[in-house]
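**Student:** Could you have a look at this structure, given as structure tokens, before my questions?
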Amino acid sequence: MTNVVGMITTQESPSIALQGVVKGYGAVRAVKGVDLVIEPGETIALLGPNGAGKTTTLDMALGLVRPDAGSVELFGMPPAKAIAKGLVGGMLQTGVPLDYLRVRELVEVMASLYPKPRPVDDILELTGCDAFQNQMTTGLSGGQAQRVRFAAALVGDPDLLVLDEPTAAIDVEGRREFWRAMRAVVEERKTVVFATHYLEEADSYADRVVLMANGMIVADGTPSQIKSKVGTKTIRATLPEGDLAELMGFAGVLKAERHGPTIVLSCSDSDQALYQLLSRFPGLTDIEVTGGSLEEAFVELTSEEGV
């Protein structure tokens, strides 16, 4: 559904537009001139080490913190206006569910604050809260509290969801269930922005990864594009013979390891290394060439030398 604001629709304007935003706390500059445009329907993972400026950036996007410089717009309007229109749902690191309410009552309260909320029963089922909907919020486990916060963010049927470490304190199965629910949300062309320390979540579920370090964006692209920034590729193959010293002598090979009959080569030039391998060992089998992992890219791009 299109939400019309004057002559501008939420589909035509970026879901989030940050231009030159800067934020400092005393002598510490948490965010240093970030430019970021997120279009409707995108699923964005915001990554970075602790202190990179992720949470401050999300807080500015939601209007919870005012930037010292720069501009912030949600759907072409100030954050407060977009939030007042029910276009935004947030799940932040801070805050806990209201005390002395049953889970269902809390979600009903949140639904009442939005102009066109989703059915409470649907949201409870989608988030897994239906299993403990009659439990008091004061007795929730950490994982249950996260699910309730997710339900509160979803029940208003916002066009933009901003999630800061949404699967923290949730066990492995709970994380899988969370992302199953998120897939259903994404299929409705909602915009989702999430910060996470679980890199495999970003790799699996994000259309685009924005990588921050020292208050700046250091990389922005699809997970594959981010991984391609790592300068090495890995060749794995079955080769019962072959001396590691000989393999290390091949052009383009940086490191050689053997695990039984399998060799693992880290390469600066995998094409050249593979050509030499096949020329020298025509019986080479089970060949696999992979790019760098998102974790490798994360470490390399957020290091002091990479920023």
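Values quoted throughout were computed directly from the atomic coordinates according to the rules given, and no laboratory measurement underlies them. Computed from a prediction, not measured in an experiment: that's the story for all the values here. Backbone-built Cβ (ideal geometry, glycine too); neighbour counts: all protein chains shown.
**Student:** Taking the chain as a Gaussian network, where each spring joins two C-alpha atoms under 10 Å apart, which residue of Val172, Val148, Val22 fluctuates the most?
**Tutor:** Greatest mean-square fluctuation among the candidates belongs to Val172.
**Student:** I need to check one value: relative contact order of region 232-291, counting alpha carbon pairs closer than 8 Å and at least 6 residues apart, in percent. Present the calculation step by step, with values, prior to reporting the outcome.
**Tutor:** Numbers: 111 pairs, mean separation 28.3, N = 60.
The normalised contact order for region 232-291 reaches 47 percent.
**Student:** Students often forget the sequence filter, so: which lysines lie under 30 Å Cα-Cα from Lys233 once same-chain residues fewer than 8 apart are removed?
**Tutor:** Correct list for Lys233: Lys54, Lys255.
**Student:** Over the chain, what is the relative contact order in percent, taking alpha-carbon pairs closer than 8 angstrom and at least six residues apart?
**Tutor:** Details: 606 pairs, mean separation 56.5, N = 307.
Once divided by the residue count of the chain, the mean separation gives 18 percent.
**Student:** Moving to a separate point now. Using a Förster distance of 25 angstrom, determine the FRET efficiency expected from the C-beta separation of Ala27 and Ser303, and round it to 0.05.
**Tutor:** Working: r = 23 Å, r/R0 = 0.93.
The computed FRET efficiency comes out at 0.60.
**Student:** Before rounding to the nearest 500, sum -39500 (n - 2.57) across all DSSP H runs of length at least 4 in the chain and divide by the residue total; then give [θ] at 222 nm in deg cm²/dmol. Write out the running numbers ahead of the final one.
**Tutor:** Values: 11 runs with 98 residues, N = 307.
Calculated mean residue ellipticity at 222 nm is -9000 deg cm²/dmol.
**Student:** While we're on this one: In region 151-171, which residues have a backbone nitrogen under 13 Å from the label point lying 7 Å from Leu64's Cα in the Cα-to-Cβ direction?
**Tutor:** Only 153, 162-166 pass the distance filter.
**Student:** Output the Kirkwood hydrodynamic radius of region 232-291, Cα pairs only, in Å rounded to one decimal. Write down the numbers at each step before the final one.
**Tutor:** Numbers: mean 1/r = 0.0913 Å⁻¹.
After inverting the pairwise mean of 1/r, the radius is 11.0 Å.
**Student:** Still on this model: Go through Lys32/Lys85; Lys23/Lys116; Lys116/Lys190 and tell me which ones have a Cα-Cα distance over 26 Å in this structure.
**Tutor:** On the way: Lys32/Lys85 30 Å; Lys23/Lys116 34 Å; Lys116/Lys190 15 Å.
Check vs 26 Å cut-off fails for Lys32/Lys85; Lys23/Lys116.
**Student:** Also, quick follow-up: What full-extension length gain, to one decimal in nm, is calculated for Ser71 and Ser204 as 0.36 nm per residue of separation minus the Cα-Cα distance? Mind dumping the intermediate values first?
**Tutor:** Values: separation 133, 0.36 × 133 = 47.88 nm, distance 3.12 nm.
Here the answer is 44.8 nm.
**Student:** What is the ratio of the Cα radius of gyration of the chain to 2.2 N^0.38 Å, with N the residue count, to two decimals?
**Tutor:** On the way: Rg = 23.4 Å, N = 307, 2.2 N^0.38 = 19.4 Å.
Working it through for the chain, the quotient is 1.21.
**Student:** Once the other residues with Cβ under 13 Å from the Cβ of Tyr25 are scored (Lys, Arg +1; Asp, Glu -1), what is the net sum?
**Tutor:** Working: positive: Lys23, Arg29, Lys32, Arg66; negative: Asp59, Asp68.
Here the charged neighbours net out to +2.
**Student:** Anyone know which of Gln19, Gln225, Gln276 comes out most mobile in the 10 Å Cα GNM of the chain?
**Tutor:** Gln276
**Student:** Can you pull the one-decimal nm distance between simple spin-label points at Arg280 and Asp122, each 7 Å off the Cα toward Cβ?
**Tutor:** Here the answer is 6.2 nm between the modelled labels.
**Student:** Grab the beta carbon distance between Ser141 and Trp179, set R0 = 30 Å, and tell me the FRET efficiency rounded to 0.05.
**Tutor:** Working: r = 19 Å, r/R0 = 0.65.
Between Ser141 and Trp179 the formula returns 0.95.
**Student:** For Glu187 and Arg236, FRET efficiency with R0 = 45 Å and r from the beta-carbon atoms, rounded to 0.05? Write down the numbers at each step before the final one.
**Tutor:** Working: r = 35 Å, r/R0 = 0.78.
With R0 = 45 Å, the Cβ-Cβ based efficiency is 0.80.
**Student:** May I ask you to compute the full-extension gain from Arg258 to Ala84, defined as 0.36 nm times their residue separation minus their alpha-carbon distance, rounded to one decimal in nm? Working shown, then result.
**Tutor:** Details: separation 174, 0.36 × 174 = 62.64 nm, distance 6.00 nm.
Once the chain is fully extended between Arg258 and Ala84, it gains 56.6 nm.
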